[in-house]
Structure formats: C-alpha cells, structure tokens
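Note sheet for the following structure.
The values are calculated or read from the model by the stated rules, or taken from the named source; none is laboratory data. Every value quoted in this text rests on a predicted model; they were computed, and no experiment measured them. Cβ atoms come from the backbone with ideal geometry, glycine included; neighbour counts cover every protein chain shown.
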Amino acid sequence: METVHTPLAPAAIGPYSQAIKANGLVFTSGQIALDPASGAVVEGGIREQTARICENLKAVLAAAGSSLEKVVKTTCFLADMKDFAAFNEVYGSYFTGCPARSCVAVRTLPKNVLAEVEAIAVAE
C-alpha cells in the first residue's frame, strides 16, 4: 500500500490520507470544494463547488499515477437533491467515461459544502 499526497489538492482535515494506492487501484478520500491554496470553501453554488471537487480529484489521481479517465466508480454525496441536475451537468463534463456511480443525499457535509465525491480508479 502507498499513501498518496499532493499539495495540488486540499490537505486532509482529519486523520486520513488524500488517497491510498493498493493492488493496482487508487481509492480516494472524499473531496469537497476546498481551494487547495487557501483551504477555504470556493465561492458560488453547486456548479462552482462541483468543478472544484473534480479538479481536486483530478490532482489526487494524477499524484497516484492515474486520471479521471481511469475512474471505475464514484460515490457522490449531495446536501440537497435539488442540486442533482446541476451537479450532473458539471460532473459529466469531467467524467466523460461514465464510471459506475452512487449518488445519495446526506444531511450535512464537512464545512457545510454542497457536495462531496470519492473515487476508485485504476492506477496507470
């Protein structure tokens, strides 16, 4: 097993790593809409937050020797299912290979963000 870390994605805000690489796969921790430079939640709504989440995932996967194109499964958490269509619009522009996915509504997310996404990808 290998722990993955990159300064191009937000540092973990708890006792976990950005990702773990094991047996040819990369397992990312959930990414939220934090700016990696400032650590602050990005301004805007679900579209802006989803784009930041995807950029954070992209950076973590790159650090692990993988990419968004190699993602086989995502798990998505939304604070409000009313954001589902807008979330899908932005998510779909990043995940063009249409990996398997679960998407659920949750009561609250860290730092009161609107979404969180975790991924499993094949390591290149």
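Are any residues in the range 65-104 closer than 16 Å to Phe27 by Cβ and out of contact with any Asp or Glu (no Cβ under 8 Å at 6 or more places or on another chain), and if so, which ones?
Of everything in the range 65-104, those that are closer than 16 Å to Phe27 by Cβ and out of contact with any Asp or Glu (no Cβ under 8 Å at 6 or more places or on another chain) turn out to be Leu68, Val71, Val72, Lys73, Pro99, Ala100, Arg101, Ser102.
Among the residues of the range 82-116, which ones are in a loop (DSSP other than H, G, I, E, B), under 15 Å from Val72 (Cβ atoms) and of a type in the set (Ser, Thr, Tyr)?
Across the range 82-116, the qualifying residue is only Thr96.
If I ask for residues that are in a loop (DSSP other than H, G, I, E, B) and more than 14 Å from the chain's Cα centre (by Cα), which ones from the range 14-23 would you list?
Residues satisfying the conditions are Gly14, Pro15, Tyr16, Asn23.
Please find, within the range 68-82, the residue that is farthest from the chain's Cα centre (by Cα) out of those that are under 26 Å from Gly44 (Cα atoms) and surrounded by fewer than 18 Cβ atoms within 10 Å (Cβ to Cβ).
Lys82
Within the range 1-13, how many residues are within 13 Å of the chain's Cα centre (by Cα) and closer than 24 Å to Asp80 by Cβ?
Looking only at that region, the number is 1.
How about the range 23-45: which of its residues are of a type outside the set (Val, Ile, Thr) and surrounded by 12 or more Cβ atoms within 10 Å (Cβ to Cβ)?
Leu25, Phe27, Ser29, Gly30, Gln31, Ala33, Leu34, Asp35, Pro36, Gly44
Only one of Ala62, Ala115 is surrounded by 19 or more Cβ atoms within 10 Å (Cβ to Cβ), at pLDDT 95 or above, within 21 Å of Thr6 (Cβ to Cβ) and not charged (D, E, K, R); which?
Ala115
Can Ala9 be described as out of contact with any Pro (no Cβ under 8 Å at 6 or more places or on another chain), of a type in the set (A, V, I, L, M) and in contact (Cβ under 8 Å) with a residue 24 or more places away in the chain?
Here the answer is no, as Ala9 does not meet what is asked.
Among the residues of the range 24-59, count how many are over 19 Å from Phe84 (Cβ atoms), assigned to a loop (DSSP other than H, G, I, E, B) and without any contact (Cβ under 8 Å) to a residue 60 or more places away in the chain.
Selection size over the range 24-59: 8.
With the structure loaded, tell me whether Ala86 is closer than 20 Å to Val42 by Cα and among the small types (Gly, Ala, Ser) or whether it fails that test. Write out each step before concluding.
Details: closer than 20 Å to Val42 by Cα: yes; among the small types (Gly, Ala, Ser): yes.
Yes.
Of everything in the range 12-23, what is in contact with an Asp or Glu (Cβ under 8 Å, 6 or more places away or on another chain) and in contact (Cβ under 8 Å) with a residue 40 or more places away in the chain? Give them in sequence order.
Lys21
Somewhere in the range 83-104, is a residue touching a residue at least 24 places away in the same chain (Cβ under 8 Å), of a type in the set (Val, Ile, Thr) and surrounded by fewer than 11 Cβ atoms within 10 Å (Cβ to Cβ)?
Yes, the range 83-104 contains a residue that is touching a residue at least 24 places away in the same chain (Cβ under 8 Å), of a type in the set (Val, Ile, Thr) and surrounded by fewer than 11 Cβ atoms within 10 Å (Cβ to Cβ).
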